[in-house]
Structures are given as C-alpha cells and as structure tokens.
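Visitor: Before I ask anything, here is the structure I am working with.
Read-outs throughout are calculated quantities, based only on the coordinates presented, and are distinct from any laboratory measurement. Keep in mind the model is a prediction, meaning the values are calculated, not measured. No Cβ is skipped: glycine too gets one built from the backbone with ideal geometry, and neighbour counts run over all protein chains shown.
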Amino acid sequence: MKKHRSPVKAARQDKKRHERNVSYKSAVATASKRVLAAVTAGDKAMAAQELKAAQALIDSGVTKGILHANTASRRVSRIGAHVAKLGK
C-alpha cells in the first residue's frame, strides 16, 4: 500500500484514465464492426453512414490522445477500403 499522497492520487488517476481509454477503444471497435456488418449486408448507404460515424469517433480519439495518429489513419483506411469495394 502506498503511503504518500502523490502516488495514491496517481494510482487513482491511472485507474480512471484506464477505464476511460478502454471504454473509448471499445466504442471505436464497435463502430468499426458496424461498418463491416453493413458492408457484409451489402447496404452501401448504411455502410457510408456508419463509416462517417466511425471516422469521426476515431479522429476524436486521436485528438484526445487515446489513439496514435498512424493507428487511426490505418483503421480509417482499412474500413474505408471495404466500403469502397462495395461501391464497385
């Protein structure tokens, strides 16, 4: 058990940040799965709509410091490629 105030507070902050980050990453994964589900169903309009929502969520994760910029770019690119294939 930590005895000083500073590491006790840091542990509380770490736990809070961890919970927030895990929750956010889960939301990003769910949004990506929705896009892929729409692509699998062959619904081009729904896939484009879900892609837009997922992209906004991923980009805001970069702004908040939860996702790395390159990771976000890769994820958007990959799900966007699935939607683009649907249009062909």
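Visitor: What value, in deg cm²/dmol to 500, does the helix sum -39500 (n - 2.57) over DSSP H runs of n ≥ 4 give at 222 nm once divided by the residues of the chain?
Guide: Rounded to the nearest 500, the figure is -30500 deg cm²/dmol.
Visitor: Explain nothing, just the number: relative contact order of the chain, from Cα pairs under 8 Å at least 6 residues apart, as a whole percent. Write down the numbers at each step before the final one.
Guide: Details: 54 pairs, mean separation 24.9, N = 88.
Relative contact order for the chain comes out at 28 percent.
Visitor: Can I ask one more? Taking Cα atoms of region 19-61, Rg/Rh with Kirkwood Rh, to two decimals?
Guide: Looking at region 19-61, the ratio lands at 1.04.
Visitor: Would you mind getting me the FRET efficiency between Gln49 and Asp14? Use the beta-carbon distance for r and R0 = 30 Å, nearest 0.05.
Guide: With a Förster radius of 30 Å, E is 0.25.
Visitor: Using the Cα atoms as the points, what is the convex hull volume per residue of region 5-87 in Å³?
Guide: Per-residue hull volume (Cα only) is 71 Å³.
Visitor: Please state the charge dipole magnitude for region 5-87, taken about the Cα centre, from unit charges on C-beta atoms (+1 on K and R, -1 on D and E), reported in debye and rounded to the nearest 20. Display every interim value, and only then the final one.
Guide: Numbers: 17 positive and 5 negative charges, 93 e Å.
It comes to approximately 440 debye.
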